[in-house]
Amino acid sequence: MQVRTLLRPRRLAPTARLAVLHALASLIVNLAIYSSPSSVYHPAAAMGDQFIPWAIGVNVSSAALVLLFALALGWNRRFGRFVLFDLVTSLFPFAMLGYLAISDPELKREIFGVIYIFFIFSKGLLLIWVALANVKDGTDDKRVGGWILAVSLLNYAAITPWVAFNAWPDADEPHYLLLTHSLVADHDFDLSNNYSQRDYKSYYPPDLPDHHSLINSRGQEFAIHDVGISALLVPGYAAAGRLGAMVELNIVGALLALGLYVLAISIGASQRAAIVAWSLFAFTSPLVVYSSQIYPEVVGGASSVWAVITFARFVRTHRIKFLLLIGFLVGLLPWLSVRYWMVVGPMLSVVALYVIARMRGGSKITAINRLFALILPVLLSIGLFALFDLRHYNTAMPNAGYFLYIKAMRPPMFSPDIYVGLPGLFFDRAYGLLTTAPVYILALAGAWVLVKRRPWVGGAILLPSLTYTLFAGFNLFWYGGWAPPSRYIFLAAALLAPLASLVVLNRAFGFVAWVAGIWSFLVSAGFTAFPLTRYTFWDVNSGALSQFVRKHFGVDYGTIFPSFIRASAIDYALASAWAGAVIACIWLLSQPRTNRDVISEPF
């Protein structure tokens, strides 16, 4: 009897049986997409040749994630619905193949882009749904963190080739890439031969008559931009040129997205609230946009967010290794951009004040040791940077390229007219943070809650964010030139985003989160489906995305917001009205009696 029982084949559990069927069905669907008749492709079918394999990769990756977490980690709640939704969305590439036969190239590209991005966002929605259905407070943070990292990277990496296909790098981006090219090809920082040989032609076809460079006393040409991001992109660029550099930034962007979740947990949010906050900010502007832009913003944001996470861990444990790590992360920032000094000083000040405030009678030596551990990595980084600039720019001043460039600028880069720059950063119709991503209203509401619950960690977030934003407001080019919106306050936005977790599940005023979230996702979908709409070129009083909508639907939604490029009386009136509405929303959302999903114990 026992022998017959052992030899009897075991029946698979329901989840395992459904998983096997899902794997087989997914294999059949993707093989069908891959083997679609070549006659479907239009003669100029570069989009099909390039993006159908990416779509298949997204299909396989999303199915593999769902199956892995269901079978290995028990994420099988509502598994049947997830399988059905995953299979349905896996069919979207067939629609992409069908529209490749359209003869009008512009129309074909637009329709293809809509379907492709809708496909990517649908997969992202599925994976967010899986997490929300299966994660409960107390679930292993490492498992949830692995899921968030994988989902973020999957979505960013899927969007990136579409952006690279449809838009050249612009503004400062070609110059950052040219320095990376010089490091890969010539193993030096001298750009004179690279500009003269037009080495940028592989990713920027027009000429670059405006060299973003300075010539030193030896006749060498060095970048005015800080070299950190160009050096960091060397591995990706060496592997696959511009696209490889963009994918490398996708990885950093995914680490930043993971940081949003981890920081939300660190400040006392429930896991569900942290996941909701991550999903609202990781896939909306500016993070989803800058995850594929060749700028230092994503790296600076990731370094800053993880520095605050490390400070929160030091507050809990008082381990000196966390101070060393904070110093290392903060010490990286000046290499990325001179603007990031506005974060270095305030963040180090908050951490140092905390160390001093916790000093007790006989613990002065301990406090001094801790302060030394905090400052040492920063001093080493600045010293190395000074030596680098002394060799290349003939001055030991860190960020020498920018300082020498700004000194020679006419007109000066900074203006006392902060009453233009500061409201413009938030409410401008083309460049404003709250007009392109109103979900940040939730983050501002969470800031008020955080100050009362976690004052020290709140200070490490809010003081750098405030200082950095005010600094950007004094910049004559507060809008960031031809960069996508919110470049100059990206780092502040990244630090503030996790704070939304403290109010995002506010049940009494959930309609605010829904309205802000839907608007933010629609704008992000536009920026990703039609990447050129990220850039507002000539008609800066309108905005490229609102112009695109007006062209196709006859409605310019941008007119309901002010334009601070022109900054007329009507613009100040509109900004005042919107500011009043934002303040009202912040007050409603920050009411403590409705925040039921926050863990309220202080550190």
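Which residues, counting only those in the stretch 550-577, are assigned to a helix (DSSP H, G or I) and either on the phi > 0 side of the Ramachandran plot or touching a strand residue (DSSP E or B) at 6+ places or on another chain (Cβ under 9 Å) (or both)?
none
Confirm whether Ser26 is open to solvent by less than 20 Å² (accessible area, probe 1.4 Å) and modelled with pLDDT of 85 or more.
Working: open to solvent by less than 20 Å² (accessible area, probe 1.4 Å): yes; modelled with pLDDT of 85 or more: no.
Here the answer is no, as Ser26 does not meet what is asked.
Looking at Leu462, Leu470, Leu442, Leu425, which is the one that is free of Cβ contacts under 8 Å to residues at least 40 places away in the same chain, under 29 Å from Ser266 (Cα atoms), assigned to a helix (DSSP H, G or I) and under 28 Å from the mean Cα position of the chain (by Cα)?
Leu462
Going through the stretch 48-70 one residue at a time, which ones are at pLDDT below 80, open to solvent by 10 Å² or more (accessible area, probe 1.4 Å) and more than 25 Å from the chain's Cα centre (by Cα)?
Listed by number, the list holds a single entry, Asp49.
Six or more apart or on different chains, Cβ under 7 Å: which pairs go from a residue in the stretch 318-337 that's in contact (Cβ under 8 Å) with a residue 60 or more places away in the chain to one that's assigned to a helix (DSSP H, G or I) and β-branched (Val, Ile, Thr)? Could you list them?
Pro334/Val344; Pro334/Ile382; Leu336/Ile229; Leu336/Val299
Within the stretch 128-164, which residues are of a type in the set (Phe, Trp, Tyr) and in contact with a Leu (Cβ under 9 Å, 6 or more places away or on another chain)?
Result: Trp147, Tyr156.
Scan the stretch 493-504 for residues that are open to solvent by 10 Å² or more (accessible area, probe 1.4 Å) and either closer than 13 Å to Ser279 by Cα or in contact with a His (Cβ under 6 Å, 6 or more places away or on another chain) (or both) and report the count.
1
Checking the conditions here, which among Phe118, Phe112 is open to solvent by 20 Å² or more (accessible area, probe 1.4 Å) and on the phi < 0 side of the Ramachandran plot?
Residue meeting the stated conditions: Phe118.
Among the candidates Gly383, Gly432, single out the residue that is within 18 Å of Leu325 (Cα to Cα) and either buried (at least 16 other Cβ atoms within 10 Å of the Cβ) or under 31 Å from the mean Cα position of the chain (by Cα) (or both). Write out each step before concluding.
Values: Gly432 fails: within 18 Å of Leu325 (Cα to Cα).
Gly383 is the lone residue from the list that is within 18 Å of Leu325 (Cα to Cα) and either buried (at least 16 other Cβ atoms within 10 Å of the Cβ) or under 31 Å from the mean Cα position of the chain (by Cα) (or both).
Looking at Val298, Val262 in this structure, which one is under 18 Å from Leu153 (Cβ atoms), open to solvent by 10 Å² or more (accessible area, probe 1.4 Å) and either part of a helix (DSSP H, G or I) or touching a residue at least 40 places away in the same chain (Cβ under 8 Å) (or both)?
Unique residue meeting the criteria: Val262.
So the check is Cβ under 9 Å with 6+ separation or different chains; which pairs have a first residue in the stretch 485-499 that's of a type in the set (S, T, N, Q) and a second one that's not in a helix (DSSP H, G or I)?
Ser486/Ser285; Ser486/Pro286; Ser486/Tyr431; Ser486/Gly432; Ser486/Ala437; Ser486/Gly480
Got a number for residues in the stretch 527-550 being at pLDDT 85 or above, open to solvent by 50 Å² or more (accessible area, probe 1.4 Å) and closer than 25 Å to Ala171 by Cα?
Result for the stretch 527-550: 2.
Checking Leu91 against (1) in contact (Cβ under 8 Å) with a residue 40 or more places away in the chain; (2) in contact with a Phe, Trp or Tyr (Cβ under 7 Å, 6 or more places away or on another chain); (3) open to solvent by 20 Å² or more (accessible area, probe 1.4 Å), which test does it fail?
(2)
Of (1) touching a residue at least 60 places away in the same chain (Cβ under 8 Å); (2) in a helix (DSSP H, G or I); (3) more than 24 Å from Leu491 (Cβ to Cβ), Gly253 satisfies all except one. Which?
For Gly253, the exception is condition (3).
Where the second residue is part of a helix (DSSP H, G or I) and open to solvent by 80 Å² or more (accessible area, probe 1.4 Å) and the first is without any contact (Cβ under 8 Å) to a residue 24 or more places away in the chain and lies in the stretch 545-558, which pairs have Cβ atoms under 7 Å and are six or more apart or on separate chains?
Asp556/Arg550
Does Leu329 count as assigned to a helix (DSSP H, G or I), in contact with a Leu (Cβ under 6 Å, 6 or more places away or on another chain) and open to solvent by less than 70 Å² (accessible area, probe 1.4 Å)?
No.
Leu476: open to solvent by 10 Å² or more (accessible area, probe 1.4 Å), in contact (Cβ under 8 Å) with a residue 24 or more places away in the chain and out of contact with any Gly (no Cβ under 6 Å at 6 or more places or on another chain), yes or no?
Against the criterion (open to solvent by 10 Å² or more (accessible area, probe 1.4 Å), in contact (Cβ under 8 Å) with a residue 24 or more places away in the chain and out of contact with any Gly (no Cβ under 6 Å at 6 or more places or on another chain)), Leu476 qualifies.
Scan the stretch 282-295 for residues that are open to solvent by less than 10 Å² (accessible area, probe 1.4 Å) and of a type in the set (Phe, Trp, Tyr) and report the count.
The total comes to 2.
In the stretch 551-561, what residues are in contact with a Gly (Cβ under 8 Å, 6 or more places away or on another chain) and modelled with pLDDT of 90 or more?
Phe561
The values are calculated or read from the model by the stated rules, or taken from the named source; none is laboratory data. In this text the structure is predicted, and so the values were computed from the model without any measurement. A quick note on method: Cβ atoms are made from the backbone with ideal geometry, for glycine too, and the neighbour counts reach across all protein chains shown. Note: areas computed on protein heavy atoms with side chains; ligands, DNA, RNA excluded. Shrake-Rupley method; radii C 1.70, N 1.55, O 1.52, S 1.80 Å.
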